[in-house]
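These notes concern the structure reproduced below.
The values are calculated or read from the model by the stated rules, or taken from the named source; none is laboratory data. Note that the structure is predicted; figures quoted are calculated from it, not measured. For neighbour counting, all protein chains shown are included, and Cβ atoms are generated from backbone atoms with ideal geometry for every residue, glycine included. Just the protein is used for accessible areas: all its heavy atoms, side chains included, with ligands, DNA and RNA removed. Shrake-Rupley method; radii C 1.70, N 1.55, O 1.52, S 1.80 Å.
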Amino acid sequence: MIKSILCAFVLLISFQTKAQNNYKLEATYMNCMCSLFDDNGVEFKSLIKKAEQKLISAELLQNTSGESYITLYKNIRMAIDGRISNFGISDYVIKRLLDPKNTKKYSKCMDGILKSPDFKDSKLSKFITMSSSGNNPKITDLTSKMLEIFEAKDFNHEFYKYLTFSLIDKYHVSNKK
């Protein structure tokens, strides 16, 4: 009996782990974003890599590992204080979304993600819920809450890197006027 319960528990954990580790929704989101660009996101992905390298050069990110991103989130104020330039990733994306054709495409894609059966218990769902509750939180409060959702391994996926650089762009000192 105990052996059966243990087996069921192990199976349950493995299914939950698999569901949270497949990054299907995040990949769908990034594919959607890349489809908005004439070059299928080549420049977009290049901007993400350049942003990562800028943070490494500024010694705000030790390397490209997930653990390094966790440390960055814990010290996020240093990334927005003006010692590095704004990455321009958010501006690049917003400019593309101003095209009504792309707005429709993006909305359709997001609708598909939000209606996916995988969405309900996903990290993406938790992040959207957390980030849409409240007004404009302090970046340190936001990143603390994000660290309750995200794990180091998540930052191996380009979606979480994009999210990081967009967040830094939003809160960067040059954007506060």
Going by what's in this entry, would LEU12 be described as at pLDDT below 60, over 25 Å from PHE119 (Cα atoms), among the hydrophobic types (A, V, I, L, M, F, W, C) and surrounded by 10 or more Cβ atoms within 10 Å (Cβ to Cβ)? no
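Out of the residues in region 94-136 that are of a type in the set (A, V, I, L, M) and surrounded by 13 or more Cβ atoms within 10 Å (Cβ to Cβ), which is nearest to GLU158 (Cα to Cα)?
LEU124
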Based on what the data block shows, is ILE76 within 16 Å of the chain's Cα centre (by Cα) and either of a type outside the set (Lys, Arg) or farther than 19 Å from CYS34 by Cβ (or both)? yes
Given the conditions (1) part of a helix (DSSP H, G or I); (2) of a type in the set (Ser, Thr, Tyr); (3) surrounded by 14 or more Cβ atoms within 10 Å (Cβ to Cβ), report the number of the one that THR64 does not fulfil. (1)
Before we move on, is SER57 among the hydroxyl-bearing types (Ser, Thr, Tyr), open to solvent by 60 Å² or more (accessible area, probe 1.4 Å) and more than 17 Å from the chain's Cα centre (by Cα)? yes
For region 21-52: of the residues being closer than 14 Å to SER166 by Cα and among the charged types (D, E, K, R), which is most open to solvent (accessible area, probe 1.4 Å)? LYS49
If you take the residues of region 149-177 that are open to solvent by 70 Å² or more (accessible area, probe 1.4 Å) and under 14 Å from the mean Cα position of the chain (by Cα), which of them is nearest to ASP81 (Cα to Cα)? LYS170
Could you tell me how many of the residues in region 33-63 are without any contact (Cβ under 8 Å) to a residue 40 or more places away in the chain and not charged (D, E, K, R)? 14
Test: residue in region 117-131 that is over 15 Å from TYR162 (Cβ atoms), among the aliphatic types (A, V, I, L, M), part of a loop (DSSP other than H, G, I, E, B) and modelled with pLDDT under 95: no
